[in-house]
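Student: So that we are looking at the same thing, I have put the structure below in structure tokens.
The values are calculated or read from the model by the stated rules, or taken from the named source; none is laboratory data. Nothing here was measured: the structure is a model prediction, and the numbers come from that model. Every residue, glycine among them, receives a Cβ derived from its backbone with ideal geometry; neighbour counts consider all protein chains shown.
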Amino acid sequence: MASVPDPAVLTAAFPSLSRTLKREMRSNHAGELGAVWIYRGVLAVTRDPALRAFAEEHGRTEAAHLAFFEAGLPPAGKTRLAPLWRLMGFGLGCLPALLSPAAVYRTIAAVEAFVDHHYGDQLAALAGQPAFEPLAAVLGQFRAEECAHRDEAQAKGSARAGGPWAALVFQGSALGAALAKRI
């Protein structure tokens, strides 16, 4: 598993975060939970060795991100819709894997495109606040890792990247994040 940043960074910052940023951390927890299950869904279906290696490697990174939020957030700061995010993530992994590796790569690229924007908005909200620099550094690291996932998926995918499926996945990710911020 990839190394987990010190969750004390989040534990220390959480009480001082605005209500909006506390909701953002809940959506991060939900998103990383869903991401772990996307890769579990891929691995449940595919027998393609290259796709399995991709899913195993990126699944470890997502598990490290999830471990940070699991350990750093108080119970009230975590998503209460964990069963939904597991189910949705698993489906978002296994359904494209039933079609082709290219479908999985397009899906991952679309999810990670959303995550890039999502973490970017949070980093902008934390900018210029010295008390939150350690948390911003961790979120910046996570964003960079998610962007690397997106870029690798795009490189492995086909020239047909984007399109209606990518738009649906991007918008579905945005809807999931909005719901997670509230529940």
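Student: Condition first: surrounded by fewer than 17 Cβ atoms within 10 Å (Cβ to Cβ) and either more than 16 Å from the chain's Cα centre (by Cα) or at pLDDT below 95 (or both). Now tell me which residues in the stretch 132-163 satisfy that.
Tutor: Within the stretch 132-163, Glu133, Pro134, Ala137, Ala155, Ser158, Ala159, Arg160, Gly162, Gly163 qualify.
Student: Of a type outside the set (A, V, I, L, M, F, W, C) and crowded, with 23+ Cβ neighbours inside 10 Å: does that describe Glu62?
Tutor: Criteria met by Glu62.
Student: I'd like to check something: does the stretch 139-146 contain any residue that is farther than 22 Å from Leu33 by Cβ and polar (S, T, N, Q)?
Tutor: Looking for residues that are farther than 22 Å from Leu33 by Cβ and polar (S, T, N, Q), one finds none in the stretch 139-146, hence no.
Student: Among the residues of the stretch 164-183, count how many are among the polar types (S, T, N, Q) and within 13 Å of the chain's Cα centre (by Cα).
Tutor: 1
Student: Shifting gears a bit: Going residue by residue through the stretch 128-140, is there one that turns out to be outside any helix (DSSP H, G or I) and free of Cβ contacts under 8 Å to residues at least 60 places away in the same chain?
Tutor: For the stretch 128-140, residues outside any helix (DSSP H, G or I) and free of Cβ contacts under 8 Å to residues at least 60 places away in the same chain: present.
Student: What residue, of Arg47, Arg40, Arg26, Arg52, is of a type outside the set (Gly, Ala, Ser), within 14 Å of the chain's Cα centre (by Cα), surrounded by fewer than 24 Cβ atoms within 10 Å (Cβ to Cβ) and more than 25 Å from Val9 (Cβ to Cβ)?
Tutor: Arg40
Student: Among the residues that make up the stretch 16-30, is at least one of them among the polar types (S, T, N, Q), touching a His at 6+ places or on another chain (Cβ under 8 Å), farther than 26 Å from Pro130 by Cα and in contact (Cβ under 8 Å) with a residue 60 or more places away in the chain?
Tutor: no
Student: Take the conditions crowded, with 19+ Cβ neighbours inside 10 Å, under 19 Å from Ala55 (Cα atoms), among the hydrophobic types (A, V, I, L, M, F, W, C) and in contact with a Cys (Cβ under 9 Å, 6 or more places away or on another chain) and apply them to Val115. Does it pass?
Tutor: Yes: the conditions hold for Val115.
Student: Looking at (1) farther than 12 Å from Cys94 by Cα; (2) under 16 Å from the mean Cα position of the chain (by Cα), which is the one condition that is false for Pro75?
Tutor: Failing condition for Pro75: (2).
Student: Would you mind listing the helices (runs of 4 or more DSSP H) fully within the stretch 44-127 where at least 1 residues are closer than 17 Å to Asp151 by Cβ, of a type in the set (Ser, Thr, Tyr) and touching a residue at least 24 places away in the same chain (Cβ under 8 Å)?
Tutor: Output list reads 49-72, 101-126.
Student: Among the residues of the stretch 1-17, write down those that are touching a helix residue (DSSP H, G or I) at 6+ places or on another chain (Cβ under 8 Å) and outside any helix (DSSP H, G or I).
Tutor: Met1, Ala2, Ser3, Val4, Pro5, Pro7, Leu17
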